């Protein structure tokens, strides 16, 4: 199955929480989830069934996938990678997802959503350590420099995105130079540093370990 291309606000309603997939709209009163915080569909208000343990773990995995915009195949690959790394598997998984180039572009404020960040990356607007990278799944390492390539530095969209992001602040594990349109991936984020809706990563580990 390909990437989901339908209305993303339905995904937030399906998961019962904001996933911040629409950029600035998610922070405004016009956010559809604020008006209709129940599952989409004709019977969305009337769901009364008691969730099973499997359903709870499946939904947690699906929620994380939707937040980061990755396919099932990619997500499982990241889980297997996290399981091989020393440390807590669930936390390792979240750190790997945060290292994706599209996510770092979003965290640095060059894009208002991960979806927009993916589009900017695939359109070859970004360089990593001086080389153009067009793969959103590229995993960054501490010390890597992300910057807009010279031919794209006149993009007004990126400057507007940076202005709106500066008001909310940048994560401390990245350093951003807004005027130079560049940033540095300083370190791997700790679990408490991750600005994601509450993800219960242990449930994801239990889902794949069943």
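Quick rundown of the values:
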read-out	value
Odd one out for residue 157, checked against (1) in contact (Cβ under 8 Å) with a residue 12 or more places away in the chain; (2) more than 24 Å from residue 63 (Cα to Cα)	(1)
Any hit, the range 134-143, residues being in a helix (DSSP H, G or I), assigned by TED's automatic domain parsing to the domain that holds residue 169, farther than 19 Å from residue 173 by Cβ and in contact with a helix residue (DSSP H, G or I) (Cβ under 7 Å, 6 or more places away or on another chain)	no
Matching option when the condition is touching a strand residue (DSSP E or B) at 6+ places or on another chain (Cβ under 9 Å), farther than 20 Å from residue 189 by Cα and buried (at least 18 other Cβ atoms within 10 Å of the Cβ), among 120, 101	120
Test for residue 163: is it outside the structural domain of residue 81 (by TED's automatic domain parsing) and either surrounded by 16 or more Cβ atoms within 10 Å (Cβ to Cβ) or assigned to a helix (DSSP H, G or I) (or both)	yes
Test result for residue 206, surrounded by fewer than 17 Cβ atoms within 10 Å (Cβ to Cβ) and more than 20 Å from the chain's Cα centre (by Cα)	no
Candidates 87, 41 - the one that is at pLDDT below 90, in the same structural domain as residue 204 (by TED's automatic domain parsing) and assigned to a loop (DSSP other than H, G, I, E, B)	41
Checking residue 170 against (1) part of a loop (DSSP other than H, G, I, E, B); (2) without any contact (Cβ under 8 Å) to a residue 60 or more places away in the chain, the condition it does not meet	(2)
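So that you can scan it fast, the table gives a plain yes or no per residue for (1) farther than 26 Å from residue 83 by Cβ; (2) in contact with a strand residue (DSSP E or B) (Cβ under 6 Å, 6 or more places away or on another chain); (3) at pLDDT 95 or above; (4) not in a loop (DSSP other than H, G, I, E, B):
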residue: 124; (1), (2), (3), (4): yes, yes, yes, no
residue: 127; (1), (2), (3), (4): yes, yes, yes, yes
residue: 157; (1), (2), (3), (4): yes, no, no, yes
residue: 180; (1), (2), (3), (4): yes, no, no, no
residue: 183; (1), (2), (3), (4): yes, yes, yes, yes
residue: 198; (1), (2), (3), (4): no, no, no, no
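The values are calculated or read from the model by the stated rules, or taken from the named source; none is laboratory data. Nothing here was measured: the structure is a model prediction, and the numbers come from that model. Cβ atoms come from the backbone with ideal geometry, glycine included; neighbour counts cover every protein chain shown.
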